[in-house]
Amino acid sequence: FLSFAWFTLAGCLVCFSNGVVYFLQSGSTEMLDGYPMVILKDMSPFMLGLYCLLSFLYLLGAVYKGAFKKRERTIYVILLLSLSAFLFLLGNRNVLFSWIIVASFFLLVNIMGRRVRLLFFGLVLAAVAMAVIFNPSLQRQWKDLTDFSAGNTIELDNDKSLGRGWGGKALRLAIWQCSIDIIKEHPLTGVGTGDVQDSLQAAYERRKFYFASRYNTYNAHNQFIQETLAYGIAGFILFAACLAVPLVVCFRHLRSNGNGYGRQLYFLFLVSFFAICLTESILEISKGIVFYSFFNSIFAFVLALPTTKSST
């Protein structure tokens, strides 16, 4: 995990350094925030944000639990803050929301004392507010998220989706409506793994959502809906159980046996992944599959195992 965090930082520094060089050459800050920052080959901004989040999750607990000596602790606190700062510059609201969940849970479970909690919570809110105010990319996303006017809503069954750029909220709402149409037609069996995208494209076309049907290939942007499209209700239940069962087990363990470090990590990993799945079809890309299966295996079968005094 420490190696993963260091290499994640290395990737972030490459991206940020490129932005600084671009700023010195052109005077433009467009490469210093948002998705244009990420120049790593075949790396999506969303996945790099997830790597920062996972590193933050691990380091936060390790630093608090005293896993490092005094000098090392200072180094890893700086590493933790650096990864968080890059995540805020990147400005993916889904990952930032998960970051808030992780920070808030850690605060409520581990930090005792009302004053300390209030101070920590105030710092979290201040960091989020500053990111929204000073990060143009996140500012645009925030405005899009809070704008429920007719002009920011894609009206299906009317050819009005072309001729402008749409924000993530408007696109997702339209995509989910088209996805529900497919689920109503195939509720039990789904359309099959190989036909999901073709079915979505056909549904976009039927609802005159031409921005999606003719110029883009959007997946369901919700992993639960994506599984239902492919496998029907049974697929939805199975996928939900894969997250819910270990989540409940970890929660019960935390309530009955205290703050087990491994259990906390696994619990926060599952909560964060669940939150991401609400707005992204993360398992539709190979990086997402590897991310979930690899780290879920480590959390479930290594870190979350009860340890004896001798093994500790």
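The values are calculated or read from the model by the stated rules, or taken from the named source; none is laboratory data. What you see is a predicted model, and the numbers here were worked out from it, not measured in a lab. Cβ sites come from the backbone with ideal geometry, for glycine too, and all protein chains shown count toward neighbours. Note: accessible area is taken over every heavy atom of the protein model, side chains too, but ligands, DNA and RNA are not part of it. Shrake-Rupley method; radii C 1.70, N 1.55, O 1.52, S 1.80 Å.
Quick look at the numbers
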| item | result |
| --- | --- |
| Residues of the stretch 141-230: accessible area per residue with a 1.4 Å probe, Å² | 51 Å² |
| Heavy-atom accessible surface of the chain: percent carbon and sulfur, 1.4 Å | 66 percent |
| In degrees, nearest ten, helix 223-257 long axis to first principal axis of the chain (Cα) | 20 degrees |
| Non-local Lys pairs in the chain, i.e. 8 or more apart or on different chains, that have alpha carbons under 20 Å apart | 7 |
| Simple Cβ-charge dipole of the stretch 50-208, Lys/Arg +1 and Asp/Glu -1, about Cα centre, in debye nearest 20 | 1140 debye |
| Two-decimal Rg to Rh for the stretch 72-158 - Kirkwood Rh, Cα set | 1.11 |
| Dipole of the chain [Lys/Arg +1, Asp/Glu -1 at C-beta], most positive-end residue of PHE1, CYS277, SER213 | PHE1 |
| Calculated diffusion of the stretch 1-149, Stokes-Einstein form, Kirkwood radius summed over Cα pairs, 4 °C and 1.567 mPa s, µm²/s | 79 µm²/s |
| Residue (of ALA67, ALA103, LEU138) at the positive-pole extreme of the chain, dipole from beta-carbon charges | ALA67 |
| Local electrostatic count, ALA202, Cβ distance below 11 Å [Lys/Arg +1, Asp/Glu -1] | -3 |
| Net charge dipole size for the stretch 1-118 [Lys, Arg +1 and Asp, Glu -1 on Cβ; Debye, nearest 20] | 740 debye |
| Accessible area (Å², 1.4 Å probe, nearest 10) - THR153 | 70 Å² |
| Between 0 and 90°, nearest 10: helix 196-206 axis offset from the chain longest Cα axis | 50 degrees |
| Long-range tail of P(r) for the chain (Cα pairs > 24 Å, %) | 60 percent |
| Relative contact order of the chain, pairs being alpha-carbon contacts under 8 Å that are 6 or more residues apart, as % | 14 percent |
| Among LEU173, VAL77, ASN296 the positive-end extreme of the charge dipole of the chain (Cβ point charges) | VAL77 |
| Gained length - PHE301 relative to TYR215, 0.36 nm times residue gap less alpha-carbon distance | 26.6 nm |
| Charged-residue dipole, Cβ positions (Lys, Arg, Asp, Glu), the chain about Cα centre, Debye nearest 20 | 1480 debye |
| Crossing angle, helix 114-134 versus the chain [Cα axis fit, 0-90 degrees, rounded to tens] | 40 degrees |
| Around GLY122: net Lys/Arg minus Asp/Glu count, Cβ-Cβ under 15 Å | +3 |
| Residues LYS287 and LEU238, FRET efficiency given R0 of 25 Å [Cβ-Cβ distance, rounded to 0.05] | 0.65 |
| Square roots of 5 times each gyration tensor eigenvalue, C-alpha, the stretch 126-214, largest first, Å | 30, 16, 11 |
